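Values quoted throughout were computed directly from the atomic coordinates according to the rules given, and no laboratory measurement underlies them. Computed from a predicted structure; not experimentally measured. Neighbour counts run over all protein chains shown; Cβ positions are idealised from the backbone, glycine included.
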Amino acid sequence: MSNNALIDIVIGVAVVGLLLARQMRARPVREGSATRISVILGVIGLIELSDATKGHPVGAGPVAWIVASLVVGGALGAARAFSTKIWRVQDGSAMSQGTVVTAVLWVVSLGAHLAMEVGIDHSTKIAGLGASSLLLYLAVSLGVQREVLRRRAGMPAVGTRW
């Protein structure tokens with residue numbers, strides 16, 4: 001494992017830890033906060049993937065593995081959204097709080113990506129390609145989770161008006 005891949009994994013685990021700690025607290029369901037986080041993680045993730053592939057041809061195998069990992073991440077994000085408690089407070093605003101199942105699904109999600117990294121890395125000679133896709137995976141997973149959570153809370157889709 002290269003130093004860059006190890007750094008990517010450490011950053012990914014730290015991000016998941018912060019997201020998990022945040023999601024286990026009761027907090028308002030807001031319109032755009034998670035969207036910004038997902039976009040930032042997505043942009044950084046795309047830059048990491050781009051850096052990892054510089055000067056290397058990327059075949060169909062690694063692309064298929066990366067796309068499959070993003071689909072799995074989205075599915076697990078939706079599952080986490082359905083495991084989250086949602087309620088309304090007196091002013092009518094929606095609140096959410098992760099459950100033990102949400103925490104377990106975060107661990108499963110990270111494990112699923114680490115397993116997919118093995119497939120990605122075995123399908124190419126590009127060192128650390130799988131690890132470089134972790135932040136993009138987290139962006140998709142978190143983005144889907146937040147959008148499903150918002151819809152469960154009765155909020156419109158991001159970008160639409162009430």
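3J(HN,Hα) couplings calculated from phi for the range 114-125 with the Karplus curve 6.51 cos²θ - 1.76 cosθ + 1.60 (θ = phi - 60°) are, in sequence order, 4, 5, 5, 4, 4, x, 4, 5, 7, 8, 8, 9 Hz; Gly and Pro show x. Equivalent ellipsoid of the range 3-152: semi-axes from √(5λ) of the C-alpha gyration tensor, largest first, are 31, 14, 13 Å. Against the chain, whose longest principal axis is taken from its Cα atoms, helix 3-23 shows a tilt of about 10°. Under 5 Å from the amide H of VAL29 lie the amide H atoms of ALA94, MET95, SER96, each residue being 5 or more positions distant or on a separate chain, with H modelled from the backbone and absent for Pro and chain starts. Per residue of the chain, the DSSP helices (runs of n ≥ 4 H) give a summed -39500 (n - 2.57) that works out to -23500 deg cm²/dmol at 222 nm.
The phi-based Karplus calculation (6.51 cos²θ - 1.76 cosθ + 1.60; θ = phi - 60°) puts the 3J(HN,Hα) values of the range 64-74 at 4, 4, 5, 4, 4, 5, 5, 5, 4, x, x Hz, whole numbers, x for Gly and Pro.
Only Lys, Arg, Asp and Glu count, each charged at its Cβ (+1, +1, -1, -1), so figure out the dipole size of the chain about its Cα centre, rounded to 20 debye.
About 760 debye.
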